Structure formats: structure tokens, C-alpha cells
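Below is one structure, written out as C-alpha cells, with a few remarks after it.
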Amino acid sequence: MTKVRTSYNRRSFLKSVAVTGGGLVLGFNWLSGCRPAETKMATGPVLPDNWYEINAYLKIGENGTVTIRTPNPEFGQNVKTSMPMIVAEELDADWENVISEQAPFNADKYGFQFTGGSLGIRTRWEGLRTAGAAARHMLREAAAQTWSVPLAEVTTAAGILYHKSSDRSASYGEMAELAGSFPVPKEVELKAVKDFTIIGNSKKNVDARKIVSGEPLYAMDRYEEGQLVAMVVHPPSFGQRFGSIRNLEDVKAMPGIREVFSIKTYKDDFQKGFFDTNAFPELVAIVGASTWEVMNAKKAILVDWQPLEAYTETVGGLFGGANTSRNVPAGMESTEDHRARMNEAAGRSGRVVRKDGDPQAAFASAERVIERSYSAPFLAHNCMEPINCLARVEGDKVWIAGPMQAPGLIEPTIAARMDIPVENIEIEMLRMGGGFGRRGYSHYLLEAALIAQRVKTPVKLIYTREDDMTNGVYRPAYQATYRAALDGAGNLLAFHVKAGGIPESPLYANRFPAGAIDNYLAEDWTLDSNITIGAFRAPRSNFMAGAEQSFLDELAEAMGKDPISFRLELLQRAATDPVGDKNDYDPARYAGVLKLVREKAGWDQKKPDVHRGVSAYFCHHSYAAHVLELTVEDDKPTVQKVTCAIDCGIVVNPDAAVNMAEGGIVDGVGNALFGEMTFTDGVPDKNNFHQYRMIRMGEAPRKIEVHFVKSDIDPTGLGEPPFPPVFGAIANALYKASGKRKYKQPFLGGQDLLG
Amino acid sequence: MSKYNLSINGATRSVDVDATTPLLWVLRDHLRLIGTKYGCGMAQCGACTVHLDGVAMRSCVLPVSQVGEQSVTTIEGLSENNDHPLQEAWLEHDVPQCGYCQAGQIMNAAALLSDTPNPTDEDIDAMMAGNICRCGTYTRIKAAIKTAATKS
Ligand code: FES
Ligand code: FES
């Protein structure tokens, strides 16, 4: 058992609860402004007559039903199930009696409510456990007082309190009212990992029943009283800005159309935050009675666009870091020019980020130098639910409900633009139809609010698929050049990586194989662009893993080594005699997933009927390795099986974790083979799924097997880590199949065939 | 604007809309049957799949004027108590991630199973090719379809 304090991060997260918690709370009045979606488990806990607030994370009914609130927004990673599991574990609740609901957006109570960076479970782990444990402690105190027995003699199991020696018991419900009146304990005991009964035992997705029944869960599904539909028109091309509407009156006269006007998302002097990425801050808004009528008006509107002037902007740093400055050039960019500029930049020396030993001398003395370049295109997130958002503005009060990964990041932007204090903004986080990073950039919340303010009625802003795909915030285009120096005996003397991108560098200089090679050089470069970029599942790693793991595969082959043994040798060096002290990975855990995947995939047995590729990567504090097997028939590759090993510490909800890893692997195969956004004169060349190829059922791996390293380490990330190494595993398998190395993503470049 | 009497999930529903309005938006905006989703608007993703006389159709490209007497089934009307073997199998395999595509997947799979009660992997690949799942739940969807096939 571990003891933890109930306050952390300088803020007592349970203390703020005492204001609203404690004592009797009837019905849902505490949450009435927010009406969060209640979710019953499949078997359906019975709703009580009264709820007793214990703390911000949970309330208990007189009948023993427990409601647990998930602080972070849900975008498919299943936190709405796994986070309540963590609370329920320490509460010692009966999972069958638990109702899960999305907590309201409230930074005072819940801290940073954010989904991204594979941070959810990792950052909430201790807080959620403490919330459950504190509640359990208060229930035990209530029982001890009621029964006049020592606290230490009151035990719990599955929602029941016991005093064994006097043979008394009571449900949590019976003690909830009294428990809620006690102060939050200063210190609580947490369970030992070996005593977990809920964590580590798969629980079904709490919203699955609603999902398969078509019940309203998403912002897209909400209809407010008197709501109008709004759509926006953004410039067709990056490098353009709004000029004027040519046929304003004609469009206004179209059936169902109420208003047509332009909106400006920022005031001129606004200092943007890191997540205020927005290529098109001035937009045309069309508001009408129904979606179809507004879509028709959108097709009919004629807008004159102006060329964008170059500018430099200062934006706030990432999570409170130093401000950064961005140069946004004028002009309409094309992928062809991008490629030429990237090749040119890759040919120059970059900014040295890390240097160990004397790489220059080592390369000069090498018998053989292997140099390879890798590239990847811009990618669109293409969340299945297009961008949308509801808003209502009454006087100086703003209400917003939508899909978003981080309401706290856009709230100050809304406040600044609308000249209101943040207290006047109420934001409801609704279930997202996917996120993948895109919904961390929630300019659309502000757009919806500005439109609602102007039309003085609730609006639902809907982006068409075309708007969503052509709005920007893409995964950047990247390029990396790797060089290795070998001596006459085939020993690795030096390693050099130079990576860059438009407009950001993907380099992680302190990741493997840094630390395993005496002479090591890492450089990077960037090129400015007016095409906007943003986080996309495992930012930067999603490119570097594929490039690095392809290069290591080629290097192992050149050195006559098995690719797994070669990596393990390097990791052994990093473990026993690391070069430098900044290496940000744990070589033992890294080697652990490689060994596990080698065993589970039967790597050491010959499999002449399939072509295999291996890859491993560390990111978001977790380790993942894949062995991918494919066959080729008539030049068409089919991924038969992916065996995956992951070390992410304790796994909270194993089957859901497997689902997430499977999704990451399918996503990786799809983007490696097909994912690509290109531009011609600033215009995205693809605007819907007839042009933007997404992986489909028949292209997904036939079989995916996921294995977790058994671990007692606190959970680390899972949503992202299985994704990046897929790119390397499939590149290496395609090489085995075709005899040709894959250097340029997407590997099938719009074709079905290997070529 | 024209008046249409539509047979939806066994009931007659009247709407007064432009003849070109896709069935998808009639269902969502006018009848508040929101289980049918918008994903692309051009028959490329399958999120909007409904049944028209039992046949899977993309409602985003089907003008309301062409529905006529045909009976429309949406996810809300697929089964009496949301207990179609596919819905049950989806729960058993815990298929959804974000869930946005899943109503369309289930509707498409239901049409597949009524034509081909015991589909092979290839049948499933071919029939489900029009339904995108951005979250990548394809292996679970396939497993759930097979489970449902053994139970229906
Ligand atoms: S919305 Fe109809 S197929 Fe995509
Ligand atoms: S579950 Fe998210 S798109 Fe399919």
C-alpha cells in the first residue's frame, strides 16, 4: 500500500470539491447547466432518488449506485470507461453499479482537461486513484462512526462496508450521506497493484450500447431550440485571404438563407496561443434554416479573394513555454516546389542539435558510407465527424458545445475576441467523432460563437467534408537523411541524421540510436510555409520512426546482421555504456518489446510464405515493436498479420487497450500506403474521400495480435506509441517482398500495386 | 418546397422540403433521426447508410424525391430493442472507438447478412469496402459480422 497526499500540483484538487460537495445534493442540480450525457452500463445500474456528492469525481446514491466523472474529453480512446475504472478500483466499487459521465469543463475542479499526447491516463493516474481512495476513506469513517467501531476495523469490498468481528455490513449507499459531510482526509492509502480487481480486467466501452443504437452523442447530433445552421467559406487556396462577397444579395435571397456576412476570428493586436493555428482567420459565414439549404448557398456564393501578404507572428509557447516566432510567407505553394526546396535544404548543413565524439573524423576514415533519404507528405486528419460546433450567445454570456480536445486552450482566445471574462464562457465537451490531434486547434468554437452572436440565435456550425479536409492544420511534410560509417570489418563507426520539414523539424536528437554509437551527429532544418500544420497522432515520431527503422534495417543487412539482433546489440551498448547523458529512452524496456515481439511472432522460425518486416520505437513514454507479415499476389500486397508488443506500464482496460493498438496499426498501414495531401498553387489537391485515399476493410491487416509487457510501472501513453513503428515495419516487409527499399511515403503512391 | 410522405422505420412521416434534399438531411434536420451520420456527402464513406426496401443505400446522395413508396430503415429502426444480432455482436467484440462510423457500418453489414447469411472474408471485404472507419476498427467489425452470422 502507498500513502499519497490528497493535494498535488500546488492545488488541492479535492479541496475545491468541498465547496460543492458534502451534504445532500438532490437530482442533478450541480450539473444542471451542463446536462452531461448519462451512460448506463449494459446491465444498467438503478438510478437512486438522491445523490450525495463525495468529491468532484464521484457521487453516490442512497441505493449504492455510483456516478464517476471522467475529466478528459472522449475521442475514441475510451477514457470514459478507463478513467472511471481507476476511480472505482480505489473506491472498491462494484463496477456493475457504476455510471460513467463526462465531467463538465471546469479547470478549478479538474485541472487541464485535455486529450492528446497520450497523456490522459498517465497524468490522471494518481489523481483518479486518490479521488476514489479518499471517497472510500470517508465511507469507512461514516461506517466507523455509525457502528462505533475503530476505523481500522472497517473493510470494504465491491461497494459494501464490513465490520467483520461484529458481523455488520452496509452498502456504500447507506453511508453516502454521512460520508459526504466529512472533510476530505489529508492522506489516503492507495491499493497495491497486486490487489487490483477492476484495473487490468477488461470492461466494455460504457457508450457502446448508445453508439450501436444511433443515440445522440456527438455535437453534430444536438439540436438546440430555435437553432440555425451555419457554414463557412474559406479561401480555396493557402496564401489567400478574404476580399469581398460578389453576389451577397443573390445568396441572401436563396431559400432558407437568413444571413450572409464575414467574420474575423482575431482582433488585430491579438497575441495568439500555441494552439491558435488558423490559416483563414477571416471567413464568410452563411446562416440558414437547414443544412441542405446552406450547402446550396455555399455552392452559389462568389467571393473575391486577395493574395495574402507575408507576415511574422509571435505565438505563445507550448504549455507555457517561451514564445515562438513564425514567418508566414506570401504566395501560393505547390508540392513540386516543396520537394525542390526540401531537397535543397537537405543538401545544406543543418543546425547541430547533438554531437557525440567526432563524427566528421569517423566518416572521413570510413571504409564505407551508407546514405539514404526518406520523405513523407502532408497528411489531413480526416476525423470521421467533420468539424462542427454549437453556440449560443446571450448578452455577454457564451455557451458552446462541441467536439474538442482541449477547451482550456481556446477559452482565452474566445474571451479576448468577444471582450468577456472567461467566467462568462460555458463549454460542453461532447463525444468526438475522432480527433487525432486536429481538435486541439479549436478555432471553430470561436467561429461558431461569433456567428451566433451576430444572428442572435443558437447556431450549429458545420464544416462540409471539403471544408474539413482543405482547412489546414496538417501533419507537416518531412524529409530525413541518414548516414552510417562502417569500417573495413563492417563495424559501425558513426551515425548521422539530418531531418527537416515544412514548416517544422521532426528530429528527436536524443532518441535511439543516440546513446548507442560513439560518434553521432543530429542536425535539423525548417522551411517556412503558409500552409498550417498541427499535431497528428504521434507528431514527428510518425515520420521519424519509419525513416529511422527503415535505415536501421538496411544498415543491419549491409552489416550482415539479423535486424532484431542488430537493434538489441545497440541497445545493449546504450544500457551498459551509454554515450552521453541526455538519452531519453530506457534501453532495457526498449529491448523488452523487441524480445517479446521476436518470441510472439516466431521471428526465429523461417516463414518462407510471408515477407516480414520488424520495427520498434519509443515515444510518449512507451515502447512498441511490430513484426508485420505480408504476401504479394499479382504485385498486390496484403498485410496478413501484425504482431505487436507494447510496454506502456500498467494496462488499465486490456481489451480496450488492444482495440486502441489495433486502430493505431490500421491507421499506420493506411497512412504508410496511401496517406497524402498535395498542393497545386496553394490549393489542396484533395478535398474528399474520392481523392484522399483512406484505408478500407480489405486493406487492413487480416490479423493483429497485441501483447503487453507485464508491468507494475505506472501507466504511460498508449494512443500514439503503436502508430509510428508501423511505417518502418511495412517498409521493411515491402522491401523483402519486392527487393526495392521504400524511401518515399506513401509507399503505394495512389496505386494498388508494388511496381 | 414539396410535401413527401415517407415510410420510415414502419411509420409514415411527412416533410415539406426541396425535392433535391438528400434523404440524409431530411432524416437528420427534419425528423431528428440522427443515428444516420454525415461523413462525406458523396457516397464515399458509408456513414449515412440506410436501407431502402432492405437494400443498403447512401442517404447523402439520395434525393428525397426518389424515395417514393419505398420503406426506409435507419439504425433507430433496425431492431425492436437495439438487439439485432449485429448490434449484440458489436457489443460482444467491443467494436467502437470514436463510434461515429459504426451506425453506418452496422446498417451496411445488416444488408450484407440478409443477402449473404454466411459471408466469407472476401464477401465482407467487398461489401464493407464503402464504409470508412477512421479509427481503424476493421478487424473487430469483421469479427463481429462473423459472430452475428452464426447467430442470425
Ligand atoms: S456521408 Fe454518405 S457516404 Fe459519406
Ligand atoms: S470508430 Fe471512429 S470512425 Fe469508426
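Here are the numbers:
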item	result
Chain lengthening between A:ALA253 and A:ARG341 when straightened (0.36 nm per residue, less Cα-Cα)	27.0 nm
Heavy atoms of A:TRP51 accessible to a 1.4 Å probe, total area in Å² rounded to 10	10 Å²
Two-decimal Rg to Rh for region A:431-477 - Kirkwood Rh, Cα set	1.02
Loop trypsin sites (Lys or Arg not before Pro), region A:659-755 (other Cβ atoms within 10 Å of the site Cβ: 14 or fewer; DSSP)	A:LYS710, A:LYS740
Theoretical FRET efficiency, 1/(1+(r/R0)^6), r = Cβ-Cβ of A:LYS607 and B:ALA11, R0 56 Å, to 0.05	0.50
A versus B: buried accessible surface, summed, Å² (probe 1.4 Å, to nearest 100)	4900 Å²
Pairwise centroid distance, computed over Cα atoms, of region A:606-646 with region A:196-242, Å	33 Å
Hydrodynamic radius of region B:85-151 per Kirkwood, over alpha carbon pairs, in Å	11.5 Å
Cβ-based charge dipole, the protein assembly as shown, positive-most Cα from B:THR150, A:ILE86, A:GLN453	A:ILE86
For region A:61-185, the fraction of alpha-carbon pairs in successive 5 Å shells from zero, as %	2, 11, 20, 22, 17, 12, 8, 5, 2, 0, 0
At least 18 Å along the helix axis (C-alpha) and Kyte average at least 0.5, DSSP helices within chain B	none
Check: region B:2-75 dipole with +1 on Lys, Arg Cβ and -1 on Asp, Glu Cβ, in debye	200 debye
Alpha-carbon centroids, region A:552-605 and region A:485-534: separation in whole Å	18 Å
With DNA, RNA and ligands ignored, accessible area of A:THR526 (1.4 Å probe; Å², nearest 10)	80 Å²
Average accessible area per residue (Å²) across region B:2-75 - probe 1.4 Å, nucleic acids and ligands excluded	36 Å²
Computed [θ] at 222 nm, deg cm²/dmol, chain A (DSSP H ≥ 4; -39,500 (n - 2.57); rounded to nearest 500)	-8500 deg cm²/dmol
Hull-based mean projected area of region A:597-688, where the convex hull spans the alpha carbons, in square nanometres	9.1 nm²
Extension gain, A:VAL315 back to A:GLU599 (0.36 nm per residue minus Cα-Cα distance, nm)	97.5 nm
Which of B:LEU78, B:LEU52, B:MET42, positive extreme of dipole for region B:1-80 (C-beta unit charges)	B:MET42
Dipole moment magnitude, nearest 20 debye, region B:85-151 about Cα centre, only Lys, Arg, Asp, Glu C-beta charged	180 debye
Straight-distance crosslink candidates among lysines, where the alpha carbon sits under 17 Å from A:LYS740 and sequence neighbours closer than 8 are dropped	A:LYS636
Dipole magnitude of the protein assembly as shown, debye to nearest 20 (Cβ charges: Lys/Arg +1, Asp/Glu -1, about Cα centre)	760 debye
Nitroxide proxy distance, nm - points 7 Å out along Cα→Cβ at B:GLN70 and A:GLN306	4.9 nm
Long-range Cα-Cα pairs in region A:208-356 (distance over 24 Å), rounded percent	57 percent
FRET efficiency, 1/(1 + (r/R0)^6) with R0 45 Å, evaluated for A:THR197 and A:ALA575 via beta carbons	0.80
Descending semi-axes in whole angstrom, ellipsoid equivalent of region B:32-152, from the Cα gyration tensor	21, 16, 14
Modelled FRET efficiency - R0 35 Å, A:GLU96 with A:LYS397, Cβ distances, 0.05 increments	0.30
Computed over region B:2-75, Kirkwood Rh from alpha-carbon pairs, angstrom	11.8 Å
Ranking by accessible area, most exposed first, for B:HIS84, A:HIS338 with a 1.4 Å probe	B:HIS84, A:HIS338
Per residue convex hull volume, Cα atoms of the protein assembly as shown, in Å³	169 Å³
Among the listed pairs A:LYS272/A:LYS456; A:LYS456/B:LYS37; A:LYS600/A:LYS736, those beyond 25 Å (Cα-Cα)	A:LYS272/A:LYS456; A:LYS456/B:LYS37
B:ASP53 - accessible surface, heavy atoms, 1.4 Å probe, Å² rounded to 10	90 Å²
Separation of the A:ASP419 and A:PHE112 label points, Cα + 7 Å toward Cβ, nm	3.2 nm
Eligible aspartates and glutamates near A:LYS498 by straight Cα distance, threshold 19 Å, same-chain separation 8 or greater	A:GLU344, A:ASP356, A:ASP358, A:GLU371, A:ASP518, A:GLU523, A:ASP524, A:ASP528, A:GLU548, A:ASP553, A:GLU554, A:ASP584
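The values are calculated or read from the model by the stated rules, or taken from the named source; none is laboratory data. Note that this is a predicted model, so its numbers are computed, not measured. All Cβ positions, glycine included, derive from the backbone under ideal geometry; neighbour counts span all protein chains shown. Surface areas here come from the heavy atoms of the whole protein model, side chains and all, with no ligands, DNA or RNA. Shrake-Rupley method; radii C 1.70, N 1.55, O 1.52, S 1.80 Å.
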